[in-house]
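Before any comments, here is the structure.
The values are calculated or read from the model by the stated rules, or taken from the named source; none is laboratory data. Values in this document were obtained by computation on a predicted structure and should not be read as measured data. Reconstructed Cβ throughout: ideal geometry from the backbone, glycine too, with neighbour counts over all protein chains shown. Side chains included, ligands, DNA and RNA excluded: accessible areas come from the protein's heavy atoms. Shrake-Rupley method; radii C 1.70, N 1.55, O 1.52, S 1.80 Å.
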Amino acid sequence: MKTPILAAALALFSLPAAAHEFGFAGVLSASNKGEMPEILLSVGQPLAEGPITLKSGMLYELEIEADGSGELALEGPGFFRAIWVNEVVVNGLEIRPFGLESVEFDEAGTMEIEFLAIKPGQYYLKIPGSKGESQRVDISIQ
């Protein structure tokens, strides 16, 4: 009686540690990382060139650079609800928030947001209160 149970237990523990190709880090592994263009916050300048397309289930790093030409924010509540934020890095300090609504720069600087794209759909990031097309970037998660 003990032999079949022992054999089943040994078989269970001899399975590979990961059932997918990402390794021990899972979806946060480097092999699951996608490329994303930088966003520039500058008075009167476009945020990014054209729309951005992301793939659901992939890890991305959004780099936002502000040149200090004005106190500027970036909002996109729909986008921020469609992603899982792993970390936000500001001046080398890592922040692991539960979620985001918007970010704001009072002076020049760079912020990196590492996230996992989750919910497919059409979203945007924009400068609050702006009406111009160049002050908004459309983001599609497929």
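Could you list, in sequence order, all residues of segment 44-68 that are in a loop (DSSP other than H, G, I, E, B), under 11 Å from the mean Cα position of the chain (by Cα) and either aliphatic (A, V, I, L, M) or exposed (fewer than 13 other Cβ atoms within 10 Å of the Cβ) (or both)?
Within segment 44-68, just 58 meets the criteria.
Please count how many residues of segment 105-136 are out of contact with any helix residue (DSSP H, G or I) (no Cβ under 7 Å at 6 or more places or on another chain), closer than 14 Å to residue 66 by Cα and open to solvent by 40 Å² or more (accessible area, probe 1.4 Å).
Counting residues in segment 105-136 that are out of contact with any helix residue (DSSP H, G or I) (no Cβ under 7 Å at 6 or more places or on another chain), closer than 14 Å to residue 66 by Cα and open to solvent by 40 Å² or more (accessible area, probe 1.4 Å) gives 5.
Taking the condition of a type in the set (Phe, Trp, Tyr) and surrounded by 14 or more Cβ atoms within 10 Å (Cβ to Cβ), does residue 80 pass?
Criteria met by residue 80.
Among the listed residues 102, 31, which satisfies the condition of being under 23 Å from residue 130 (Cα atoms), open to solvent by 20 Å² or more (accessible area, probe 1.4 Å), at pLDDT below 95 and under 17 Å from the mean Cα position of the chain (by Cα)?
Just one listed residue meets the conditions, 102.
Can you tell me which of 81, 96 is of a type in the set (Lys, Arg), in contact (Cβ under 8 Å) with a residue 12 or more places away in the chain and farther than 20 Å from residue 40 by Cα?
Matching residue, one of 81, 96: 81.
Output the residue which, of all residues in segment 87-99 that are outside any strand (DSSP E or B) and under 13 Å from residue 115 (Cα atoms), is most open to solvent (accessible area, probe 1.4 Å).
Once the filter is applied, the top-ranked residue is 98.
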